[in-house]
Every structure is written in C-alpha cells, then in structure tokens.
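The values are calculated or read from the model by the stated rules, or taken from the named source; none is laboratory data. Since the structure is predicted, the reported quantities are computational estimates derived from the model, not experimental observations. Quick reminder, even Gly has a Cβ in these numbers, built from the backbone with ideal geometry, and neighbours come from all protein chains shown. Keep in mind that these areas ignore ligands, DNA and RNA; they rest on the heavy atoms of the full protein, side chains included. Shrake-Rupley method; radii C 1.70, N 1.55, O 1.52, S 1.80 Å.
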Amino acid sequence: HAIFSPSPSCLSLSPWFPPPVPALHTCQGLAPCLPEEGQVNISGPRLLLATLHSASSSSTAMDRIFSALLLSLLLLLQSYGVCGAPPQPRGTLCRTKPTDLVFVIDSSRSVRPHEFEKVKVFVSRVIEGLDVGPNSTRVGVINYASAVKNEFSLKTYQNKAGLLQAVQRIEPLSTGTMTGLAIQFAISRAFSDSEGARVRSPNFNKVAIVVTDGRPQDGVQDVSARARAAGIEIFAIGVGRVDMHTLRQIASEPLDDHVDYVESYSVIEKLTHKFQEAFCVVSDLCATEDHDCEQICISTPGAYKCACKEGFTLNNDGKTCSACSGGSGSALDLVFLIDGSKSVRPENFELVKKFINQIVDSLEVSDKQAQVGLVQYSSSVRQEFPLGQFKNKKDIKAAVKKMAYMEKGTMTGQALKYLIDSSFSIINGARPGVPKVGIVFTDGRSQDYITDAAKKAKDLGFRMFAVGVGNAVEDELREIASEPVAEHYFYTADFRTISKIGKKLQMKICI
C-alpha cells in the first residue's frame, strides 16, 4: 500500500495510509503542495487511491490489482506533470539570489483598466523567472494612488502559484498619484520584520520596483534617499508622460541600470528579461546574451571572453572586431532614414545620433569605399546630407551631432518614397553598380501607407534594414526589411539598448 504525501516534489511513497487524508492543493513546478489549515477532505488522486485501498482490503488478489493500478497512476501523473499540471520548465542558465522583492505599482486614474492589466502581466512574468520560496525569494505588492493598499506581504505566499493568482486579483484604485507616500509605506511596513522581510544581510537583497506613469503629487526625493540608505535597491520604471526627473530622484545608482522608460503600457512586459537577469546570481552570460561581444562569446566559470570569426581581429577593447576594412569589394552607399517624430523625445533623439555614429565608426569612408547619407522624417522629409558630401568619418559624425530634431508626425511611407526617388539617385551622390543599403529607424506606427514603397525599395535591389524602438509596429518593420526578414529587422523596448542593435548591424552591413 502506498500514498501521496506532501513534499517538495508533491510525489512520494509511504508504507501506510492514515485517515483522515489532507487535501492536495494546486501547485506549480516543484512548489510544495501543502494543505490549507484545517482542511482534511479527500480530493484528486487521494480520493482515487482511498477508494482503491478500500476495495483492496477484501483479498490478496485485490492487493495485487491495487499495486498495479497505483504504478500506472504514478506513471500517468509523472507524464502529465506534478499535481496534474503540465510540467513547468526551470531555468538552467540562472539561479536567483535570495531577495525580498516588493513591487510598488501606480494605479492612479491616468492608468486605464486595460493598461493596468499590462502591468499585472509584467509583474507576473518577472515572478515566473524567480526562485520563489521562504528561503529564496519572497514577493510583496503595494498598490497606490491617493492612498496605499498592501495587496500582499512578503510573508503571504511561499510559492509561485499563489503569487500569480494573487496578482491577477489586484484591482486599480483610480485616484491620485502619491508616489512618495507609497515609498514611505514600503520602508515602514512592506520591508518590516512583521511583514516577512529578513534581517539586512549580504546574503539577501532588498529590492523595490516602482512603476508609475505620471508626476507625483507629493515629494519623492527625501523618502527615496531614506529607502536607499536602509539598504533597499530601487528600480524606477516610467511609462508614457512620466516625469523623468522624478524617476531619477527615486532610483538607485547607477541610474542607467535603475531607470527604465517605455512609451506605453503595451510594451512594458518587454522589460521582463532585464529584471529576470537583474536577480541572477549564476548565469551563462553568453547564452542569455548579457554580454558585449560583437561576434563570438566564450563562457568561462562566472565570466566570459570575446573572440572573432575567421578573417576578423579582436580590437583593443577586447569586445569588438575589426570590420569593413578597405580593399576591393568594400564599396557601399548607405543611407540612414531616421524618425524625428515628437514621440521620440529629445533625450532619445540624442541616443539615435550615437546609434548612427556607432555604425559609421565601423565603415571605411572614402570615394572608393563607403559613402553615407542621412535623411530625417516626421510629418515631412528632410535630407540632412546626401551620399558623398562628406569624405571621412570625422565630418560625417560631426554633421550627425548637429542634426536638429524635427518633432512632428510619423510619415514613414513618404520617407521610403524619398529614399527611392532621391537618396539613391546619381544626382544625390549614389554610384552606379555599388551596393545600396537603407537603415530605417522608427519608434511608432506610420501615419501613412508603407507597403508599395517598401516593396519597391527591395525590388530595386536595395538592402533594407528596419530598426524599431518602443511603440514601433513589428509587422511594419518586417514589411520594410529585406529577406531573410529575421536578419534584417530589429526591435527593442528601450532606446538605451539600441547600441546592441548597432553592434549587430555593423557586422551584417559588412557581410
């Protein structure tokens, strides 16, 4: 005779069958299947086993039948996953450091109900990447608007299934925006011993992730400083019309690692990977792409090193490889088509300029090798400089830095038509017989029709790369990109990560 007993694997054998049998409860992955206090009813597999056991007591033959049925049931349960749920894959690349993690989420009236659902998806996906348990990572959620609501504490749930179900039950408060009050609540209550926080120690992280979409109605600078002084690492995520100065007042140093911005709630879940990595202790950095190698990444215990493909040389920085060197076959006419719409914002437009110059750095610029042109578009199209106007990288980069931000609409179709009709024309410096490459950069949906112009560019033999950020529509990026599409379009939720796309583009342009 055998039974199922509560254990970390939800599945173990015991040589006896004591009544009453505690109920099994829903579990996920390898989370413990412990009964709620006071529940002793028989359910699920135990009910079946209890019934079989009762029948088996009549004879030895029935004992044999019971044993055979039990073995079949064990195999069946294993094939469908523990506790009848599909098996949950566990990360093999990363183990999260024990952390007391509190989400501080803005549900003020400016956050619409469908947008708040996106925040809940983001929170859930971060949780899914954690090792959750009383001795590993504990999670709490604070919901705030004009007042603060403690949705659940660090001590409330000890497994992922309970946390994920609790997140789904959160409702928006839909009043004001008292961000400072919420951070003070985190200090005084959410991270207190009584709510399940552990004693401050090098072995544990204390982390708060603040998500907000507006300007707070109270002060955040002093209270955030007190939180950081108490050992709480703060990440600040801003959405839409958020005040960036406020985010920088909230976040821990270095700000580049702790402040994130997305154009809308529809893309906030794309920050999930960053936060899963932020809690990572042991990671194969090459496999997770959390490295700066331009071509080849080689994992070593706790670190990595970079290498280059055959025919390329590792540069002095130990990360990049020499590319697009001079010689026959390296001639290229390259035109950037850059979105200057108002949604980009001035600070991000400066990052776009750095992205352009990053690619220019990889080229050998001369009359016989690479030529570069630049076009900016918004509600209209403006040629910043044509192909061949500048004969060296230094002059091109200086002209890029001087480019003024147009700050209007997003007429991508009109810009593509300009690329075809003007940018790659002989009168604007294009050379007959030289490969033509267009790099289209956009952060939003086009306000005009792009299909015909995108198709014509490719039909004319132009090699088209599409780079999207924030609210860019990936279907449009794929429509612009040359074949194979997967190698010619790129997307990131955050302007600050476009340098990684730049590194990939450097190599693809050279090839």
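Would a scan of region 481-499 turn up a residue that is at pLDDT below 95, assigned to a helix (DSSP H, G or I) and either surrounded by 20 or more Cβ atoms within 10 Å (Cβ to Cβ) or in contact with a Ser or Thr (Cβ under 6 Å, 6 or more places away or on another chain) (or both)? Looking for residues that are at pLDDT below 95, assigned to a helix (DSSP H, G or I) and either surrounded by 20 or more Cβ atoms within 10 Å (Cβ to Cβ) or in contact with a Ser or Thr (Cβ under 6 Å, 6 or more places away or on another chain) (or both), one finds at least one in region 481-499, hence yes.
Go through region 122-157 and count every residue that is part of a helix (DSSP H, G or I) and either open to solvent by 50 Å² or more (accessible area, probe 1.4 Å) or of a type outside the set (Val, Ile, Thr) (or both). Residues meeting the conditions: 4.
Restricting to strands (runs of 3 or more DSSP E) lying wholly in region 366-442: which have 2 or more residues that are touching an Asp or Glu at 6+ places or on another chain (Cβ under 7 Å) and not β-branched (Val, Ile, Thr)?
Numbers: elements: 370-377, 381-385, 436-442.
Answer list for region 366-442: 370-377, 436-442.
Within the option set 375, 360, being under 24 Å from residue 342 (Cα atoms), touching a residue at least 40 places away in the same chain (Cβ under 8 Å) and of a type in the set (A, V, I, L, M, F, W, C) holds for one residue only, 375.
Residue-wise test of (1) over 28 Å from residue 236 (Cβ atoms); (2) over 29 Å from the mean Cα position of the chain (by Cα).
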{"residue": "402", "(1), (2)": "yes, yes"}
{"residue": "438", "(1), (2)": "yes, no"}
{"residue": "442", "(1), (2)": "no, no"}
{"residue": "498", "(1), (2)": "no, no"}
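Restricting the search to region 383-413, which residues are closer than 20 Å to residue 342 by Cβ and among the polar types (S, T, N, Q)? Scanning region 383-413 gives 410, 412. Going residue by residue through region 443-461, is there one that turns out to be within 15 Å of residue 334 (Cβ to Cβ) and loosely packed, with under 15 Cβ neighbours inside 10 Å? Yes, region 443-461 contains at least one residue that is within 15 Å of residue 334 (Cβ to Cβ) and loosely packed, with under 15 Cβ neighbours inside 10 Å.
Conditions tested, residue by residue: (1) farther than 29 Å from residue 158 by Cα; (2) in a helix (DSSP H, G or I); (3) basic (Lys, Arg); (4) out of contact with any strand residue (DSSP E or B) (no Cβ under 7 Å at 6 or more places or on another chain).
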residue	(1), (2), (3), (4)
199	no, no, no, yes
208	no, no, no, no
216	yes, no, no, yes
231	no, no, no, no
235	no, no, no, no
245	yes, yes, no, yes
256	yes, yes, no, yes
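A single member of 438, 470 is touching a residue at least 40 places away in the same chain (Cβ under 8 Å) and under 28 Å from residue 368 (Cα atoms), and it is 438. Tallying residues that are open to solvent by 60 Å² or more (accessible area, probe 1.4 Å), under 25 Å from residue 111 (Cβ atoms) and charged (D, E, K, R) within region 223-250 yields 3. Among the numbered conditions (1) charged (D, E, K, R); (2) within 24 Å of residue 217 (Cα to Cα); (3) more than 23 Å from the chain's Cα centre (by Cα), the only one that residue 117 does not meet is (3).
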